[in-house]
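Encoded as structure tokens, the structure appears first; notes follow it.
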Amino acid sequence: MLSAYAEGIAEERFNDGYDISEVYMAYNSLEEAMWRRVVSARTRGDIAELIGLLTTVLGYGKDTVARKYLSLAMKRHVPSLDLSVLFAGATS
């Protein structure tokens, strides 16, 4: 379910012209807000496990977004993902 949601977000944002860095900023903001909520709502013993779970789930979501975004970008030129300079070689 998370994977389908993350792929949908990636496809919508890609088609709307958002850069992948903007999508990642949104994920990072969500993660930060969730960390604060977990830390304020739980006892110390629970925090490590809950933050581990939170980080794992959101990391999976970000990975899914990246894979979908890049698969879409391979079909269309996206300036922010132009890696041709890396393969052009050094000039003297």
About its Cα centre, how strong a charge dipole does region 2-75 have in debye, to the nearest 20, once Lys and Arg get +1 and Asp and Glu get -1 at the Cβ? 200
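Which length gain, in nm to one decimal place, applies between Met74 and Val38 when the Cα-Cα distance is subtracted from 0.36 nm times their residue separation?
Details: separation 36, 0.36 × 36 = 12.96 nm, distance 3.78 nm.
Net length gain for the segment: 9.2 nm.
With a Förster radius of 35 Å, plug the Cβ-Cβ distance of Asp16 and Ala48 into 1/(1 + (r/R0)^6) and report the FRET value to the nearest 0.05.
0.40
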Taking the square root of 5λ for each eigenvalue of the C-alpha gyration tensor of region 2-75, the equivalent ellipsoid has semi-axes, largest first and in whole angstrom, of 29, 12, 8
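We did not get these values from a lab; they are worked out from the coordinates using the rules stated. No experiment lies behind these values; they were computed from the predicted model shown. Every residue, glycine among them, receives a Cβ derived from its backbone with ideal geometry; neighbour counts consider all protein chains shown.
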